[in-house]
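J.: Have a look at the structure that comes next, please.
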Amino acid sequence: EEYVRVTVREADGDTPAITVGGKIDRIERAADGGHLIIDLKTGKTVATAPQTTSHPQLSAYQVMFALGDLDLAFDSARRLHSAGLLYPRVPSRNSPYTLREQAGLDPAAIEGFVETLIEVGNRMNVE
């Protein structure tokens, strides 16, 4: 478990900085050599595949992985394979657990989600 904090917009005059942070439960090496971000879920309600595709928490973790200062002692390359929700107490058809994955975001998608975070931050600062 590693806490990561990333500033997606620096403060500028009256405009406050916007920072996103959280704890990434696990980062594993995928078979293709990329990294798999794992968020452990203790509940028994499993997100659907379509929900996972656009899951904002997983997208935020991917932004933190791409832009954050992570200690990846086992690998200096930062290539993301995917991010997933792991339900260890919910068996699937062929496994004692259920894993729902969100594909790794490319640089344009990372930038797009950063813009979303900034828009949300702007709304929060106005309210």
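The values are calculated or read from the model by the stated rules, or taken from the named source; none is laboratory data. It should be emphasised that the depicted structure is a prediction, and the values quoted were computed from it without experimental measurement. For neighbour counting, all protein chains shown are included, and Cβ atoms are generated from backbone atoms with ideal geometry for every residue, glycine included. Only protein heavy atoms, including side chains, enter the accessible area calculation; ligands, DNA and RNA are left aside. Shrake-Rupley method; radii C 1.70, N 1.55, O 1.52, S 1.80 Å.
J.: If you go through region 1-12 one residue at a time, how many are of a type in the set (Gly, Ala, Ser) and part of a strand (DSSP E or B)?
T.: Of the residues in region 1-12, the ones of a type in the set (Gly, Ala, Ser) are 11.
Filter once more, so that each one left must be part of a strand (DSSP E or B): none.
Going through region 1-12 one residue at a time, the tally reaches 0.
J.: Just one of (1) surrounded by 10 or more Cβ atoms within 10 Å (Cβ to Cβ); (2) assigned to a helix (DSSP H, G or I) trips up Leu86, so point out which.
T.: That leaves (2) as the condition not met.
J.: Surrounded by 14 or more Cβ atoms within 10 Å (Cβ to Cβ), touching a residue at least 12 places away in the same chain (Cβ under 8 Å) and within 23 Å of Glu1 (Cβ to Cβ): does that describe Gly104?
T.: Details: surrounded by 14 or more Cβ atoms within 10 Å (Cβ to Cβ): yes; touching a residue at least 12 places away in the same chain (Cβ under 8 Å): yes; within 23 Å of Glu1 (Cβ to Cβ): yes.
Here the answer is yes, as Gly104 does meet what is asked.
J.: Here's a follow-up. Being open to solvent by 100 Å² or more (accessible area, probe 1.4 Å) and over 30 Å from Ile38 (Cα atoms) is the filter here; which residues of region 1-12 pass it? It would help to see each step written out before you state the result.
T.: Step one: filter region 1-12 for residues open to solvent by 100 Å² or more (accessible area, probe 1.4 Å), giving 1, 3, 5, 10, 12.
Of everything in region 1-12, just one residue is open to solvent by 100 Å² or more (accessible area, probe 1.4 Å) and over 30 Å from Ile38 (Cα atoms), namely Asp12.
J.: Could you tell me whether any residue of region 113-126 is under 20 Å from Asp25 (Cβ atoms), outside any helix (DSSP H, G or I) and within 13 Å of the chain's Cα centre (by Cα)?
T.: So in region 113-126, the residues under 20 Å from Asp25 (Cβ atoms) come out as 113.
Keeping just the survivors that are outside any helix (DSSP H, G or I) gives none.
No.
J.: Now for a different question. Has region 57-80 got at least one residue that is open to solvent by 60 Å² or more (accessible area, probe 1.4 Å), in contact with a strand residue (DSSP E or B) (Cβ under 6 Å, 6 or more places away or on another chain), closer than 26 Å to Thr7 by Cα and part of a strand (DSSP E or B)?
T.: Just the residues of region 57-80 that are open to solvent by 60 Å² or more (accessible area, probe 1.4 Å), to begin with: 57, 67, 69, 71, 73-74, 76, 78-79.
Now narrow it down to the ones that are in contact with a strand residue (DSSP E or B) (Cβ under 6 Å, 6 or more places away or on another chain): 67.
Next, only the ones that are closer than 26 Å to Thr7 by Cα stay: 67.
Those left that are additionally part of a strand (DSSP E or B): none.
So far as region 57-80 goes, no, none of its residues is open to solvent by 60 Å² or more (accessible area, probe 1.4 Å), in contact with a strand residue (DSSP E or B) (Cβ under 6 Å, 6 or more places away or on another chain), closer than 26 Å to Thr7 by Cα and part of a strand (DSSP E or B).
J.: Among the residues in region 64-80, are any charged (D, E, K, R) and touching a Gly at 6+ places or on another chain (Cβ under 7 Å)?
T.: Keep residues of region 64-80 that are charged (D, E, K, R), which gives 69, 71, 75, 78-79.
Now narrow it down to the ones that are touching a Gly at 6+ places or on another chain (Cβ under 7 Å): 79.
Yes, some residue in region 64-80 is charged (D, E, K, R) and touching a Gly at 6+ places or on another chain (Cβ under 7 Å).
J.: Take region 13-30 and flag every residue that is acidic (Asp, Glu) and either surrounded by 13 or more Cβ atoms within 10 Å (Cβ to Cβ) or not in a loop (DSSP other than H, G, I, E, B) (or both). Walk me through it before giving the result.
T.: Let us first name the residues in region 13-30 that are acidic (Asp, Glu), namely 14, 25, 28.
Asp25, Glu28 - these are the residues of region 13-30 that are acidic (Asp, Glu) and either surrounded by 13 or more Cβ atoms within 10 Å (Cβ to Cβ) or not in a loop (DSSP other than H, G, I, E, B) (or both).
J.: Counting only residues that are open to solvent by 30 Å² or more (accessible area, probe 1.4 Å) and at pLDDT below 90, which one in region 31-43 is farthest from Pro96 (Cα to Cα)? Explain how you work it out, then say what you get.
T.: Start the filter on region 31-43 by keeping residues that are open to solvent by 30 Å² or more (accessible area, probe 1.4 Å), which leaves 31-32, 40-43.
Then keep just the ones that are at pLDDT below 90; that gives 31-32.
Details: Ala31: 20, Asp32: 23 Å.
If we take residues in region 31-43 being open to solvent by 30 Å² or more (accessible area, probe 1.4 Å) and at pLDDT below 90, then Asp32 is farthest from Pro96 (Cα to Cα).
J.: Looking at region 67-76, is at least one residue modelled with pLDDT of 90 or more and hydroxyl-bearing (Ser, Thr, Tyr)?
T.: Taking region 67-76 first, the residues modelled with pLDDT of 90 or more are none.
No, region 67-76 contains no residue that is modelled with pLDDT of 90 or more and hydroxyl-bearing (Ser, Thr, Tyr).
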